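Please read the structure below before turning to the comments.
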Amino acid sequence: IDQDFIIDTNRVYLTGFGSGGQGAWSYAHLYPEQLTTVAPVCGGASPLRTTHKIIVKEEVHDLNIWAVDYVDDRQATTDMSKMIMSQLWTKNVGLARYTMLLHGGHTDAIYSDPTFLGWIFGTRRSR
């Protein structure tokens, strides 16, 4: 770690919107030990697909996760997020959340929601 920057490793958050949401899912899958919390918005999660099924690494189950999708989003499918979340809920019921909002299309309105932001900044490493 660079001595010029002090990082609280119990509070490392990652979020992204659209393709950034896909990147958040991918990064969480590849490097779960570096994160505390991941909040992909409209992420679709196609980079995690290995066959017709998504396989979530065991280490991802320890993360605080809140995935958000919009029903009317034409750019990203909600199926991928739902498959990931169903795997997470088998072992991570208290730490994994999923919200599907009715409207939003491809807007990032969720980032002005005080409940969403409060949850992100209130999370800490669970392991």
So what does residue 58 come to for accessible area, using a 1.4 Å probe and Å² rounded to 10? 110
The summed charge of the residue 117 Cβ neighbourhood (under 15 Å; Lys/Arg +1, Asp/Glu -1) stands at 0
Around residue 11, what is the net charge, scoring Lys/Arg as +1 and Asp/Glu as -1 over all other residues with Cβ under 13 Å from its Cβ? +1
As an exercise, use a Förster radius of 22 Å and the Cβ-Cβ distance of residue 119 and residue 5 to find the FRET efficiency, rounded to the nearest 0.05. 0.30
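The values are calculated or read from the model by the stated rules, or taken from the named source; none is laboratory data. Fair warning: this is a prediction, and the values are worked out from it, not measured in the lab. Here Cβ is always computed from backbone atoms with ideal geometry, including for glycine, and neighbour counts include all displayed protein chains. Only protein heavy atoms, including side chains, enter the accessible area calculation; ligands, DNA and RNA are left aside. Shrake-Rupley method; radii C 1.70, N 1.55, O 1.52, S 1.80 Å.
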